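A.B. asks: Structure below; questions to follow.
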Amino acid sequence: MDPALLQQLAIGAIPPGIFGALVFFAVWWRKQPAVGGVEGPLDFAIGRDVVVVLAIAAAMLVMHPLITAGIKLPEWVVPPRRGADWLPVVTVVAMLIALAGLLLRGQRLPMWAWAIVASVVVVGLGALAAQRLVRETWSVQESLAHLGGVAVITFVLGWGLLVLARKPGVVGVASVVIVAGSLANILAGPMNSLKLAQLAGVMAAVLTPAAVMTLIRPTQVLAMSAVAMVVMGLGSVSLQGVVFGSAKVSSVVLSLGLLAISPWMGVLAGRVVKRDGVVKSLVQLAAVGLPGAIAMGVWLVQQKAESGAEY
């Protein structure tokens, strides 16, 4: 592998992974569960959820300029000028919504309502990022296809992740990590955008220590607000890839469509395997990862066929 590429990948994975390990070790080590839906005034459990939300947002905000700047001096572009400049704005908005959800008892909202909120944020800010295309290049049908398609994908994906993540234990957190990792692979492969792939990888890296911690403290769970914030981030990088990428439409639709159903595959597997335990967890996680693996497999076969046709 090219050393420069390896270094770039390491920048996007190692720092947020170390940061996530420090954060989740600090806030999840105690045996008291950090469940988001706690009743009563602001207490220690909700306080830990607030720290988790702030930590995930901080990792995304800090890593964005480091990844997008390349060899240049990292900086946040305010006000946003290019499409990718809007991703920190999405992070800040998502963080504020997540914090409001925690402090105002948004854990009581149905999971599908959180998924709608995520879709609205992704498409609303995505429309601002693509406003020149919407005004000058796209027809109404094209605008609806691009923005509406990502809205549907974000809704389906978000609802499924929230269903999986509502229960304590490794399946909920690890499913979020697997989906984020699958999106990173899809962005780097079928959607041909390494930097967007790294941004999705940041979310996977910072949450990987949380998945490991649930093996030690199985009572821990990500609050719905935190999961919804991650969904907004994943939906936004997906939209950036759809709007500004150069990949084939068929490949993008297939890959993101498979990604959207991946958490629901885990839900289905959990209903098929009734008995709780290690086997059920492994089956669920394998089911979550299967659609992403299929998307990458189809892309690799297509790449091989196209390279063979050139000779």
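Read the figures in this text as sums done on the coordinates, not as results from a lab. Computed from a prediction, not measured in an experiment: that's the story for all the values here. When we count neighbours, we look across all protein chains shown, and the Cβ atoms used for this are built from the backbone with ideal geometry, even at glycine.
A.B. asks: Could you size up the charge dipole of the chain around its Cα centre, putting +1 on the beta carbon of Lys and Arg and -1 on that of Asp and Glu, and report it in debye to the nearest 20?
C.D. replies: 680
A.B. asks: Within the chain, count lysine pairs with alpha carbon atoms under 18 angstrom apart where the residues are 8 or more positions apart or belong to different chains.
C.D. replies: 5
A.B. asks: Counting helices only, and only those DSSP H runs with n ≥ 4, report the 222 nm mean residue ellipticity of the chain as the sum of -39,500 (n - 2.57) divided by its residues, in deg cm²/dmol to the nearest 500.
C.D. replies: Taken over the chain, the calculation gives -25500 deg cm²/dmol.
A.B. asks: So, one more: Give me Asp276, Asp85 sorted ascending by neighbouring Cβ count inside 10 Å, so fewest comes first.
C.D. replies: Fewest-to-most Cβ neighbours within 10 Å comes out as Asp276, Asp85.
A.B. asks: Along the charge dipole of the chain, which of Pro190, Leu133, Val123 sits closest to the positive end, that is, farthest toward it, with unit charges on the beta carbon of Lys, Arg, Asp and Glu (+1, +1, -1, -1)?
C.D. replies: Val123
A.B. asks: For the chain, set up a Gaussian network in which alpha carbons nearer than 10 Å are linked by springs, and say which option among Gly270, Gly172, Gly297 fluctuates the most.
C.D. replies: Among Gly270, Gly172, Gly297, the largest GNM mean-square fluctuation belongs to Gly297.
A.B. asks: Please compute the volume of the convex hull spanned by the alpha-carbon atoms of the chain and report it per residue in Å³.
C.D. replies: 148
A.B. asks: Work out the FRET efficiency for Ile18 and Arg132 from their Cβ-Cβ distance, taking R0 = 30 Å, and round it to the nearest 0.05.
C.D. replies: 0.20
A.B. asks: Placing +1 on the Cβ of each Lys and Arg and -1 on the Cβ of each Asp and Glu in region 3-304, which of Ser236, Leu215, Gly148 has its Cα farthest towards the positive end of the resulting dipole?
C.D. replies: Of the candidates, Leu215 comes out farthest on the positive side.
A.B. asks: A follow-up question, please. Springs between alpha-carbon pairs under 10 angstrom, Gaussian network model over the chain: which of Pro291, Pro218, Pro110 fluctuates most?
C.D. replies: Pro110
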